[in-house]
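Taking it in order: structure first as structure tokens, then the write-up.
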Ligand code: DX5
Ligand code: ZN
């Protein structure tokens, strides 16, 4: 199981130091949560912070674009050589109000296949690998037509926008179904799960077919990062 700390949950007053500590503790990737305040009810950071992370840390980075118009963000992230650029299948879909100033996007009937394919091609033409992300309310069948073309399938286990939320267990069935489709068709994509992951659920995720987990709060709140990585991988 690979671990990708989400730096959104790190102490921003010591961000560079925290990223280096994550790397030397044995993290596998660095996860960049990019939020535009429209696709999700929060703003995070962009290209400058991401470039800083790339410049001090040699681990692969994946940019998780929680943005309504991923087309506008591919060039800057490809330019700083972020290895994986992931965008959401729900772009252009309906927005559901969750109350308390929160919302989540889903897919109405089907995503616009031409737009999805064009974004994947744009990512690849600029030298990064393409990922597709799926929100909790979206069925796996919404991404099925594109699974042969991507390198990363990011299954959200919280409604995106904030670190420190509770894992939504319904995602387990989606993980198992994705792993089955991958095996049957010999697809190459890795399965990543994002949101509410920690030592309590990592074993079940691994058994279901997950290759890489994002850990935000669980990682950066741990007293000892080396010990945290060891627990997650044991
Ligand atoms: C959710 C983000 C996640 C999140 C993970 O909006 O995409 O990457 O920050 O944080 P934890 O592990 O705290 O749920
Ligand atoms: Zn994320």
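List of remarks:
- At full extension, residue 17 and residue 43 could sit 7.1 nm farther apart than now, given 0.36 nm per residue minus the alpha carbon distance.
- Ordering of 64-73, 159-168, 97-106 by burial proxy (mean other Cβ atoms within 10 Å per residue, highest first): 64-73, 159-168, 97-106
- With a Förster radius of 22 Å applied to the beta-carbon distance between residue 58 and residue 149, the computed FRET efficiency rounds to 0.20.
- For the chain, share of DSSP beta bridges that run antiparallel, in % to the nearest 5: 15 percent
- With 0.36 nm allotted per residue and the present C-alpha distance subtracted, the residue 233-residue 79 stretch has 52.2 nm of extension available.
- Inter-part distance, region 177-234 to region 10-59, computed on C-alpha centroids, equals 18 Å.
- Contour minus Cα-Cα distance for residue 109 and residue 165 (0.36 nm per residue): 17.4 nm
- In plain terms, the bigger the Kirkwood radius, the slower the diffusion; for the chain, with that radius from Cα pairs, at 4 °C and 1.567 mPa s, Stokes-Einstein puts D at 74 µm²/s.
- Label-point gap, in nm, between residue 173 and residue 126 - each point 7 angstrom along Cα→Cβ: 3.7 nm
Here, each number is a calculation from the coordinates, and none is a lab measurement. Worth saying up front: this structure is predicted, and the values here are computed from it rather than measured. Glycine gets a Cβ as well: all are built from the backbone with ideal geometry, and neighbour counts include every protein chain shown.
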